[in-house]
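What follows is a short report on a single structure.
The values are calculated or read from the model by the stated rules, or taken from the named source; none is laboratory data. Only a predicted model underlies this, so the values are computations on that prediction, with no experimental measurement involved. Note that each Cβ is placed from the backbone with ideal geometry, even for glycine, and that neighbours are counted across all protein chains shown.
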């Protein structure tokens, strides 16, 4: 991931990228309410978001999310930072069928920064942040049970 679309990228991290696909590109706006709810709870900050749409015959359109696409988007992501690259969007677009869309959302886990500051104040340091996907957790649970 490189910040190439809108200038310099400054990420605090940890950053996670989530890709959500839609079989109907017109339904992309439905991502707004659940993201707004999570952001309002302070669980994370939306750092960057990109919309990728595949149209016939074989046209891929890549754009930043805006209030025109997702009503209220500027409140969900008021200070976007350029983190997602054209290469990131290209990887996702390769798997999209015609008339489908994907939203790439880069989120910063803001709760980790607060936790890391508290630990640092105690003389410690957060040295690893790993995310384990749901399918791996399910497999591990079956093996360990």
> Given the structure, is residue 69 at pLDDT below 85, touching a helix residue (DSSP H, G or I) at 6+ places or on another chain (Cβ under 7 Å) and part of a loop (DSSP other than H, G, I, E, B)?
Replying inline: no
> Can you pull out the residues in segment 75-103 that are surrounded by fewer than 17 Cβ atoms within 10 Å (Cβ to Cβ), within 15 Å of residue 36 (Cβ to Cβ) and under 15 Å from the mean Cα position of the chain (by Cα)?
Replying inline: 78
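Just wondering, is there one or more residues in segment 85-104 that are in contact with a helix residue (DSSP H, G or I) (Cβ under 8 Å, 6 or more places away or on another chain), assigned to a helix (DSSP H, G or I), in contact (Cβ under 8 Å) with a residue 40 or more places away in the chain and within 24 Å of residue 43 (Cβ to Cβ)?
no
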> Going by the structure shown, is residue 106 modelled with pLDDT of 80 or more, closer than 21 Å to residue 53 by Cα and crowded, with 17+ Cβ neighbours inside 10 Å?
Replying inline: yes
> Only one of these conditions is not met by residue 42: (1) part of a loop (DSSP other than H, G, I, E, B); (2) in contact with a helix residue (DSSP H, G or I) (Cβ under 8 Å, 6 or more places away or on another chain); (3) surrounded by 18 or more Cβ atoms within 10 Å (Cβ to Cβ). Which number is it?
Replying inline: (3)
> Hey, among the residues in segment 125-140 that are farther than 22 Å from residue 42 by Cβ and touching a helix residue (DSSP H, G or I) at 6+ places or on another chain (Cβ under 9 Å), which one's modelled with the lowest pLDDT?
Replying inline: 132
> Looking at segment 107-121, is at least one residue in contact with a helix residue (DSSP H, G or I) (Cβ under 7 Å, 6 or more places away or on another chain) and in contact (Cβ under 8 Å) with a residue 60 or more places away in the chain?
Replying inline: no
